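Below you'll find the structure, written out as structure tokens, and then a few comments.
The values are calculated or read from the model by the stated rules, or taken from the named source; none is laboratory data. None of the values given here were measured: they were computed from a predicted structure. All Cβ positions, glycine included, derive from the backbone under ideal geometry; neighbour counts span all protein chains shown. These accessible areas exclude ligands, DNA and RNA; they are computed on the full protein's heavy atoms, side chains included. Shrake-Rupley method; radii C 1.70, N 1.55, O 1.52, S 1.80 Å.
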Amino acid sequence: MNRVSRSQFIRLISFLPVAFAMWLWYQLTRSGRVVTGRYRHPATLPMGVTFAGAYFLFRDGSGVKAFSTRCTHAGCRLERSSGNRILCSCHGSAFDAATGLVAKGPAYRSLESIDCQQDAVTGEWVVQMSKANK
């Protein structure tokens, strides 16, 4: 029978809290639930950034665009903006709100664009979330 030395046992025990912390971080930062449906926003949506849970809207003179609020670096939820930049609180990434492009790393992929159209009848802005948008 193989015996475990004291130093091997201590290394194993000290690794468990680190592994648990990593698993917990992953569970808290991933937005694994699938959001689907059509979401309506008023025609009088203010200029600039408006957060709406799983996505944010950006309105400028040319219209409204929608992007995912999931950071492409580690999956953290984006909930802050500064001017026309969307900021990630987890690791400091920043994204251009008008285009979704990375303005500052560590993220290197742009934010996912989400379909947003203006309803011709009501003038409301309609965001279509599909299973691909998370």
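Solvent-accessible surface of segment 45-134, averaged per residue with a 1.4 angstrom probe and all protein chains in place: 49 square angstrom. Put simply, the amide H of Ser81, placed in the peptide plane, has neighbours under 5 Å in Leu87, leaving out anything fewer than 5 places away on its chain.
If I compute solvent accessible area with a 1.4 Å probe over the protein chains, what percent of it on the chain is carbon and sulfur? Don't jump to the answer; show the numbers that get you there.
Details: 4910 of 8650 Å².
That share works out to 57 percent.
Counting only alpha carbon atoms, the long axis of helix 6-29 and the longest principal axis of the chain meet at about 10°. What the Cα convex hull of segment 74-131 gives, in volume per residue, is 104 Å³.
Taking Cβ atoms as reference points and 11 Å as the exclusive limit, the residues near Val102 contribute a net charge of +2, counting Lys and Arg as +1 and Asp and Glu as -1.
Taking only the Cα atoms of the chain, the radius of gyration and Dmax are 20.4, 78 Å. Out of Ala43, Ala94, Ala103, any idea which swings most in a Gaussian network model of the chain, alpha carbons joined below 10 Å? Comparing Ala43, Ala94, Ala103 in the GNM, the peak value goes to Ala43.
How would you rank 113-126, 63-76, highest first, on the average number of other Cβ atoms within 10 Å across their residues? Show your work: numbers first, answer last.
Working: 113-126: 14.1, 63-76: 20.0.
Ranked by mean Cβ neighbours within 10 Å, highest first: 63-76, 113-126.
Taking max minus min of the alpha-carbon positions on each principal axis, segment 34-88 gives extents of 33, 29, 14 Å, largest first.
The H on the amide N of Tyr55, modeled in the peptide plane, is under 5 Å from the matching H of Thr69, each at least 5 residues off or on a different chain.
Comparing mean-square fluctuations of Arg11, Arg85, Arg109 from a GNM of the chain with C-alpha springs under 10 Å, the top value falls on Arg11. GNM remark for the chain: springs join alpha carbons under 10 Å apart, and the peak mean-square fluctuation among Leu16, Leu87, Leu111 falls on Leu16.
Using the Cα centre of the chain as the reference point, and only Cβ charges (+1 on K/R, -1 on D/E), how large is the resulting charge dipole? Debye, rounded to the nearest 20.
760
Evaluating 6.51 cos²θ - 1.76 cosθ + 1.60 at θ = phi - 60° for every residue in segment 106-119, the Karplus couplings come out as x, 4, 10, 9, 5, 5, 6, 7, 10, 4, 9, 10, 8, 5 Hz, glycine and proline recorded as x.
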